[in-house]
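The values are calculated or read from the model by the stated rules, or taken from the named source; none is laboratory data. What you are looking at is a predicted structure, and each value in this text was computed from that prediction instead of being measured. All Cβ positions, even for glycine, are placed from backbone atoms using ideal geometry, and neighbour counts span all protein chains on display. Accessible surface is based on the protein model in full, side chains and every heavy atom, while ligands, DNA and RNA are left aside. Shrake-Rupley method; radii C 1.70, N 1.55, O 1.52, S 1.80 Å.
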Amino acid sequence: MTRRVVLIGHPVAHSLSAAMQQAAFDATSVDARYELWDRAPIALHDSVEELRGDEFLGANVTIPHKERVAPLMDRLIEEAVATGAVNTITREGKRLVGHNTDVIGFRTALDHLVGQQKMPKAAVVLGAGGGARAVVHGLITGGFSRVIVFNRHLHRAEALVRHFGRSAAHMELRAMPWHESIIEAELAKTRLLVNATSVGLDADEAPIAGELITADLLVLDLLYARTRLLRDAEKAGCTVMDGELMLLHQGAAAFTLWTGIDAPLDVMASALAEARAGGVRSAEGEPAGEGDPADVASTEAATGA
Ligand code: NDP
C-alpha cells in the first residue's frame, strides 16, 4: 500500500515541502506520497481525525494551525509540550502524536548564522505564532538571558510569555507592544533579530522599517526567501539568513520520525534548491520578489496569488 503524508495548512499551494519530502521518499524507496491539504481552521478537527487511518504515515502542520493542532493530539513529545505548537504528526496505531521539529530546524539555522562568532545572549523576536514559539524555546534552551517578543496583537505575545513562564524563570522573557521607538530601543540592546511573522510572505513588505536595523545585528528571517527585511539588513551591513536551512532541517527530522530512517539531506537540499529556482511557493515562506516590481509580478503570476 502506498502510504500517505499530508501537509495541513492554509494556504499550502505549491509547497516546497512537497518537493523536498517526495524526493526523500523516492531516494530511500519509501512507498509514500506527500499531499497538500489546504484546510481552513473550521475544517482542522475533521482533517486531523482522518489521519488516524492506516494509510497515513503522518503529517506536517503549517501556518496558521500549529498551535490549534496541539490539543487535538493524543500525546505530545517534549518540544511540542514545551512550545504548545505542533508541526509534525506521527501515528501510534490509531493514536496521534504531536512533535515540533521546528525547534531543531531553528537551532541549526541559528548555529550557522552565528558561525565562529560568540553566541549572543539577547534577542528580539518579531511574531508570536507557532513559528515564534519554536524560536523562543530554542533561545531559552540555548542559553539566552534576554528575549523580547514583539507582536502586532500584544495579547498573543503575552500568552506566549505566560506559556513559557516556568521554563524561562531563570532569564528575562518579555512581551512588548509593537511601537517602532520601543523596537528600536530594544534592538540597540541586542545582537540577534528573528522575524517569525509572516510579513513578506504575500507581498514585498518588511515587518519593521530598514532605518531601525543597525550594522552589528545578526538577522534571521523564517521566511524562505530573500525578503525585504533581509535586503534592508544586508544594506545596513548585517549578517543575514533566510528560512531555508530551518525548513530543510525541520523537514529532515520529520522524515525520520515518519520512516525511522536517516533523512537523505543532500537529496532534500537539492530538491529544495530546484523547487526554489523554479519559483515554487513554500507554505513556510515563499519568494516575494527581490525589490524589483517585475520580480514581484512574476512571482505573483507563478503562484496565482
Ligand atoms: P502563525 O499564523 O501562527 O503566526 C503568524 C505571525 O505573523 C503572528 O505573529 C502574526 O501576528 C504575524 N503577522 C501576520 N501578519 C502580520 C502583519 N501584517 N503585521 C505584523 N504581524 C503580522 O504562523 P507561524 O508562526 O506558523 O509562521 C510564521 C512565519 O514563519 C510564516 O511565514 C511561516 O512560513 C514561517 N515559518 C518558517 C519556518 C521554516 O522552517 N523556515 C518554520 C515555521 C514558520 P498576529 O498574532 O498579531 O496576527
Name the residue, out of Ala109, Ala82, that is away from the ligand (no atom under 12 Å from the Cβ) and within 28 Å of Met241 (Cβ to Cβ). Ala82
Of the residues in segment 93-106, those that are more than 16 Å from Thr256 (Cβ to Cβ) and more than 16 Å from the ligand (Cβ to nearest atom) number 4
Within 8 Å of the ligand (Cβ to nearest atom) and either over 16 Å from Asn151 (Cα atoms) or buried (at least 24 other Cβ atoms within 10 Å of the Cβ) (or both): does that describe Ala233? no
Out of segment 195-219, which residues are in a loop (DSSP other than H, G, I, E, B), within 14 Å of the ligand (Cβ to nearest atom) and surrounded by 17 or more Cβ atoms within 10 Å (Cβ to Cβ)? Ala196, Thr197, Ser198, Val199, Gly200, Leu201, Asp204, Ala206, Pro207, Ile208
Here the residues within segment 1-36 that are in a loop (DSSP other than H, G, I, E, B), of a type in the set (A, V, I, L, M, F, W, C) and either open to solvent by 30 Å² or more (accessible area, probe 1.4 Å) or touching a Gly at 6+ places or on another chain (Cβ under 8 Å) (or both) are Met1, Ala13, Val30
With (1) farther than 16 Å from Leu222 by Cβ; (2) away from the ligand (no atom under 15 Å from the Cβ) as the list, and Leu192 as the residue in question, which single condition is left unmet? (1)
Can you go through Arg68, Arg39, Arg52, Arg75 and tell me which one is open to solvent by 70 Å² or more (accessible area, probe 1.4 Å) and touching a strand residue (DSSP E or B) at 6+ places or on another chain (Cβ under 8 Å)? Arg75
Filtering segment 101-146 for residues that are under 15 Å from His163 (Cβ atoms), open to solvent by 10 Å² or more (accessible area, probe 1.4 Å) and assigned to a loop (DSSP other than H, G, I, E, B) leaves a count of 1
As an exercise: evaluate Thr90 against (1) under 15 Å from Ala253 (Cα atoms); (2) surrounded by fewer than 19 Cβ atoms within 10 Å (Cβ to Cβ) and give the number of the one condition it does not meet. (2)
